[in-house]
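Have a look at the structure below, then the notes.
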Amino acid sequence: MRHVFSYRDKHYIYDTGSGALHACDEATARILRGEPADLPDAEREAVEADIEALRRAGLLDAPETDARPVKSHELKALCLHISHDCNLRCRYCFADEGAYHSVREVMSLETAKAAVDFLMRESGSRKVLEIDFFGGEPLMNFDVLKETVAYGKQEAAKRGKKILFTTTTNGLLLDDDAIAFLNEEMENVVLSLDGRKEVHDAVRKTVNGKGSFDAVIAHIKKFVRARGDKHYYVRGTFTAKNLDFAKDVLFLADSGFDSISLEPVVTDLADLAIREEHLPRIEAEYEALADEYIRREAEGKGFLFFHFSIDLEGGPCLQKRVSACGAGNEYLSVVPNGDLYPCHQFANDAPFRMGSVFEGTIDPVLREKFATSCLFTRKGCEDCFAKFLCSGGCSANNYHFMGDIDTPYPISCAMMKKRVECAMHVLAERKSREK
Amino acid sequence: MIKTIAKPTERVTCGECRSC
């Protein structure tokens, strides 16, 4: 499948079968779209010769794979809900402000160790494993977090395995001890900050109803200064209240953060939710952000915006592209009492309980449902140019908005497609400068 | 005129990459 799109005065062709990206002039774009193009015969013949040459090289209209993912039942990653409590009360929190629609509690060391043992046992021949500390606010259970890391490293080493640890934190408890520990032990750290003070404080409030911006940004700046060249993301959320979110991304960049992610909110709160009528504004905002992103990069003042980062040359294998995140099969969430769920967004959703780290088994029916769900079972993805870059959307979002893990949520799709086009344009501009 | 911007080095394989 070929996707011909324009960005300002630039024209591109993305070939889904081969994964190749090409630039072309307007007349060629019109011909490729099957639209009338007023061209002299000689020029038209030259364009058609170019198209035929790309076809022969396998870079246009290339056949697409229909290879189903190999169903590995070896566990790869656990999300440890080490705290179902939080010191913030963010209005849009999918996790019910940390409590996950249940009691506020933290995970015991016994449960955390049982989860590590479960991962060791269920990971089979895998050598590279992952544990993500999540909440709620994980640093509210910092002692257990630290002891779990030590135990995980010890148990993995015994088996010739390695665990990559990640923590997602709101930054409120990032003191010197936490900064030193996370910088030493975490492969990646995700730090929640929504951008401008007024935007952040409008939704991310403390238990006492006060804005958290001033405390959080000071802690996160201190953390990032100590982080060196290790991975981190300052990760924010935008809502219907700040559709001018490019200003928030640029605010974060101007605050000294060079690895940034800003995600559309997932909520059913009427005043915050992203709706279809917001899409034109959001798409224009992504373009405005891309323009500034390119300008800063050209001046040597660039930063990494997650959604404008794309690897078309050394990206993941097809197996990965069609099997996506692995939730419910290769990746599971563990809540404080040890129960298992397909992922953090299904936590404490009773019909999706898949067992317990203490039972030592995974519900075979639910696991099969998630293991067989892939790009080729997603409804509507077959005609989408972004399918091998997206893998069919988030199962949890699909389920919560559409009632089915295999039915993508159209608003998420629209934003994904726009971001992919922006990322391709950013890549093309970078390549152009390098030449 | 068409100019190729990027093409994959090679496109079904190992599980070493990150898991959202």
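The values are calculated or read from the model by the stated rules, or taken from the named source; none is laboratory data. All figures in this text were calculated on a predicted structure; none of them were measured in a lab. Don't worry about glycine lacking a Cβ; one is built from the backbone with ideal geometry, like all the others, and counts go over all protein chains shown.
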Can you find a residue that is at the interface with chain B (Cβ under 8 Å from one of its Cβ atoms), under 25 Å from A:A423 (Cβ atoms) and not hydrophobic (A, V, I, L, M, F, W, C) anywhere in the stretch A:51-64? no
Just to verify a result, which residue in the stretch A:1-49, among those that are part of a loop (DSSP other than H, G, I, E, B) and of a type in the set (A, V, I, L, M), is modelled with the highest pLDDT? A:M1
Can you find even one residue in the stretch A:293-309 that is farther than 20 Å from A:P264 by Cβ, at pLDDT below 90 and within 14 Å of chain B (Cβ to nearest Cβ)? no
Restricting to the stretch A:366-407, give me the number of residues that are under 20 Å from A:L318 (Cα atoms), out of contact with any strand residue (DSSP E or B) (no Cβ under 6 Å at 6 or more places or on another chain) and assigned to a loop (DSSP other than H, G, I, E, B). 12
Looking at (1) surrounded by fewer than 19 Cβ atoms within 10 Å (Cβ to Cβ); (2) more than 18 Å from the chain's Cα centre (by Cα), which is the one condition that is false for A:A290? (1)
Filter the stretch A:65-90 down to the residues that are of a type in the set (A, V, I, L, M, F, W, C) and either closer than 21 Å to A:R367 by Cβ or facing another protein chain (nearest Cβ under 10 Å) (or both) and list them by number. A:A67, A:V70, A:L75, A:A77, A:L78, A:C79, A:L80
Which ones in the stretch A:229-269 are assigned to a loop (DSSP other than H, G, I, E, B) and modelled with pLDDT under 95? A:D229, A:K230, A:D258, A:V265, A:V266, A:T267, A:D268, A:L269
Checking A:L312 against (1) more than 30 Å from A:A202 (Cα to Cα); (2) touching a Gly at 6+ places or on another chain (Cβ under 8 Å); (3) more than 14 Å from chain B (Cβ to nearest Cβ): exactly one of these is not met. Which one? (3)
Could you check, for the stretch A:315-324, whether at least one of its residues is part of a helix (DSSP H, G or I), over 20 Å from A:E130 (Cα atoms), in contact with an Asp or Glu (Cβ under 6 Å, 6 or more places away or on another chain) and not acidic (D, E)? no
